[in-house]
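Derivation of every value follows stated rules applied to the coordinates shown; laboratory data play no part. These numbers were taken from a predicted model, which means no experiment stands behind them. Because the Cβ atoms are built from the backbone with ideal geometry, glycine has one as well, and the counts that use them run over all protein chains shown.
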Amino acid sequence: MKITLAPNFIISVFVCTLATTNVFAEETIGSIIPNMPERNPWLIDSVYPTSHFNSAQTDSVTMAGPIKGRKLTAADVKIVPTVFTSNPTIKHVGDETILFASGVNGIHKIIATGESLREVSFMPYPGSEAQAARVTPEAIGVAIAAADAARRSMNEARILAVSKKIEELGYKTMIHGYYNFFDKDGFHYALFGDASIIKTTDDNDPKKPILPLKVKNLAEGLSPEITKSIGRVFGAGMTYDGNIAVVASGALFLVDRDLNVKDTLALPGESICNSIAVDKTGIYVVTSKRMLKVVYTGTKLSYDDADGGWQSEYNTVSDKEAWAAGSFSRGSGTTPTLMGFGDAPDKLVIIADADKNGTNLVAFWRDQIPEGFKQKSGTKSARIADQIRIDISKVTIEVSAGVLGYGVSVNNATYPNPVRELYGRFMTAGVTRPGPMGVQKFTWNPKTHSFEKAWVNMEVDNTDLLVPVISAKTNMIYVATKVNGDYQFLGLDWSTGKVKARWVFPDDSRVWNTICGIAIILDDGDFLLGGYFSIKRVNVGN
């Protein structure tokens, strides 16, 4: 294991600016927890009402995570079969914990009360009924068995052949349902198809199935000029005034909770491969060319300075260069993540760029640029507060940054020698080919308006591109890894990057993958993990 600490990091951990009402420490110290994002009153009151946990997309929570690792048994992991689910969102009705897990072909309703993980119903997306009927738990079981046999053979040609067959389950449409949320009344929203959003309900009754209320194809009714520039919907979020923002390549839509379109902001020629972040003042959208703060004036969406919005270029490469380098994304690969809440002095929005010389972590001023601030060398505009080279990755980071206080973590997404097939890339990396290794943490210094390097851990294999979860209470970040080609889950010390806990999955099966998932800590400390083949509840035994 290789851990590298920045020379000034040990000091910075303990030197924090604290006052009676000014708790924005970079780390947790004792019972002190950094300011967290302001709760969005239009989302249901839950730790996980939306993808990436909150409107700021921080992937951090105040609740305690587990601290003692162990070898897991098959009895420690409960499973609900699925083609692919990134992360269920959660609501509580009485004493019941209810998950809606939107995926490739539809939405699972699951009860996770106590130690359970029990499916109540499954609702296919309109138009996906036939595909969903073909992908039974038995069909998924056959796919797992084939993937396991191929992995055990250590024959790459066999792994790739099985990977192509597995794609027939529907993995080519895995972006469906990736971003989803519950509104304040318990209605659920998910994206699917090329440009559709669906609103569903279970009447907040734990025993009732999911029922569709309304579907809206956002491309309908638009002018031909706008329609031809719009690609697949990628992300969505609830604004602080109760509207829904949806992004697709080429456009940002604003709809009300009944899915009536209020405005469309065309962004022709700009690819969008990520979701959005939201605060009380605006919507943060990263395209293949620009970072935008978009506001709704009451009549239109705008990024004009006069309306309170802004735009800024950042370092990018051409589509051809991005794909040649092994990037999944054109432009930034990260969903914008907000940093700085409450009375924290610097309020920022963070992405990883697509610099041809190596990706940078980039922070933009969310609100007004501080008086006297001068544009920094190498940046595209004075809107960029700072940028710093990410040491562990050559191409843009695909796993969104995690933020707690003024600390921010990134996971390497550069596959050193990848195959071209998407699923084959996940299955061969860490087995027959090297995986993308390393997690790096930076801290923001509000006195110098700059990033500082904290630590690097090169032990973590990020083949699965899982978005980690950070626990403020236990001061740990939880990440997925592979060791000798097989799956483990790690708890790293948020202050030092050292491995503090390790959970080893029961065997070498591919069912334990967490591909493109977002990790969740449940109330009792169990992990909830998505990925291909299954939704998993891991009893950590703490």
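Within a Cβ distance under 14 Å of Val467, other residues only, what is the Lys/Arg minus Asp/Glu net charge? The partial results should precede the final answer.
On the way: positive: none; negative: Asp59, Glu398, Asp464.
Net of charged neighbours comes to -3.
Which ordering of Val419, Val93 is given by a fewest-first count of other beta-carbon atoms within 10 Å? Let's see the in-between values first.
Values: Val419 19, Val93 15.
In increasing order of surrounding Cβ atoms, one gets Val93, Val419.
If neighbour count is taken as other Cβ atoms inside 10 Å, put Ile110, Ile390 in order from fewest to most.
Listing Ile110, Ile390 from fewest to most nearby Cβ atoms yields Ile110, Ile390.
Roughly how many nanometres apart are two label points built 7 Å out from the Cα toward the Cβ at Asn484 and Ser116?
Between Asn484 and Ser116, the label points sit 3.9 nm apart.
Once amide H atoms are placed 1.01 Å from N in the peptide plane, what residues at a sequence separation of 5 or more from Arg502, or on another chain, have their amide H within under 5 Å of its amide H?
Here the answer is Gly69, Arg70, Gly491, since their amide H atoms fall under 5 Å of that of Arg502.
Can you tell which of Met36, Leu301, Ile107 lies farthest toward the positive end of the dipole of segment 3-538, using +1 and -1 charges on the Cβ of basic and acidic side chains (Lys, Arg; Asp, Glu)?
The residue sitting most towards the positive pole is Ile107.
Identify all lysines with a Cα-Cα distance to Lys78 below 16 Å; exclude those on the same chain that are fewer than 8 residues away in sequence.
Result set, ordered by chain and number: Lys109, Lys536.
Which option, (i) 4, 19, 31, 29, 14, 2, 0; (ii) 3, 14, 21, 23, 17, 10, 5, 3, 2, 1, 0, 0, 0; (iii) 3, 16, 25, 25, 17, 9, 4, 1, 0, 0, is the value of P(r) over Cα pairs in 10 Å bins from 0, in percent that was calculated from these coordinates?
Computed from the coordinates, P(r) over Cα pairs in 10 Å bins from 0, in percent corresponds to (i).
Just how large is the dipole of segment 3-538 about the Cα centre, in debye to the nearest 20, putting +1 at every Lys and Arg Cβ and -1 at every Asp and Glu Cβ? Don't skip to the answer; put the middle values down first.
On the way: 55 positive and 57 negative charges, 222 e Å.
Value, rounded to 20: 1060 debye.
May I ask you to order 346-359, 200-213 by the average number of other C-beta atoms within 10 Å around their residues, highest value first? Kindly include the intermediate steps, with their values, before the conclusion.
Numbers: 346-359: 22.7, 200-213: 15.0.
Averaged packing, sorted descending, gives the order 346-359, 200-213.
Considering the options Tyr125, Leu422, Gly331, tell which one lies farthest towards the positive end of the dipole of segment 3-538, charges being +1 on Lys and Arg and -1 on Asp and Glu at the Cβ, about the Cα centre.
Leu422
Take every DSSP beta bridge whose two residues both sit in segment 3-538, then give the antiparallel share in percent to the nearest 5. Please list the in-between numbers first.
Details: 124 of 130 bridges.
Given both bridge residues lie in segment 3-538, the antiparallel proportion sits at roughly 95 percent.
Starting from the Cα gyration tensor of segment 114-206, take the square roots of the eigenvalues, sort them a ≥ b ≥ c, and report rounded, prolate or oblate (rounded when a/c is under 1.5, otherwise prolate if a/b is larger than b/c, else oblate).
On the way: a/c = 2.58, a/b = 1.88, b/c = 1.38.
Cα axes put segment 114-206 in the prolate bin.
Could you list, in their original order, any pairs among Lys208/Lys473; Lys320/Lys380; Lys441/Lys500; Lys71/Lys482; Lys380/Lys447; Lys184/Lys441 whose Cα atoms are separated by more than 26 Å?
Values: Lys208/Lys473 35 Å; Lys320/Lys380 22 Å; Lys441/Lys500 16 Å; Lys71/Lys482 14 Å; Lys380/Lys447 22 Å; Lys184/Lys441 34 Å.
Flagged as over cut-off: Lys208/Lys473; Lys184/Lys441.
When only DSSP loop residues count, what chymotrypsin sites (Phe, Trp or Tyr not before Pro) in segment 111-210 have their Cβ near at most 14 other Cβ atoms within 10 Å?
Values: sites: Phe122, Tyr171, Tyr178, Tyr179, Phe181, Phe182, Phe187, Tyr189, Phe192; in loops: Tyr178, Tyr179, Phe187.
When the chymotrypsin sites (Phe, Trp or Tyr not before Pro) of segment 111-210 are filtered for loop state and at most 14 Cβ neighbours within 10 Å, nothing remains.
Taking H as built 1.01 Å from N, whose amide H comes closer than 5 Å to the amide H of Ser60, not counting residues under 5 places away?
Val403, Ile470
Find which of Phe192, Val233, Ala251 sits farthest along the positive direction of the dipole of segment 192-332, computed with +1 on the beta-carbon of Lys and Arg, -1 on that of Asp and Glu, about the Cα centre.
Of Phe192, Val233, Ala251, it is Phe192.
What list of ³J(HN,Hα) values in whole Hz, one per residue of segment 290-307 in order, does the Karplus curve 6.51 cos²θ - 1.76 cosθ + 1.60 (θ = phi - 60°) give from phi, with Gly and Pro shown as x?
My calculation for segment 290-307 gives 9, 9, 10, 10, 10, 10, 10, 7, x, 10, 7, 8, 8, 10, 5, 4, 5, 9 Hz in order.
Is the shape of segment 164-322 rounded, prolate or oblate, going by the alpha carbon gyration tensor and its root eigenvalues a ≥ b ≥ c, with a/c under 1.5 for rounded and a/b larger than b/c for prolate? Walk me through the numbers on the way to the answer.
Details: a/c = 1.85, a/b = 1.21, b/c = 1.53.
Taking the square roots of the gyration eigenvalues as a ≥ b ≥ c, segment 164-322 is oblate.
Roughly how large, in nm² to one decimal, is the mean projection of the convex hull of the alpha-carbon atoms in segment 43-191?
11.0 nm²
Got a sec? Which residues in segment 254-288 would a label at Lys228 touch, if it sits 7 Å along Cα→Cβ and we count backbone N under 14 Å?
268-269
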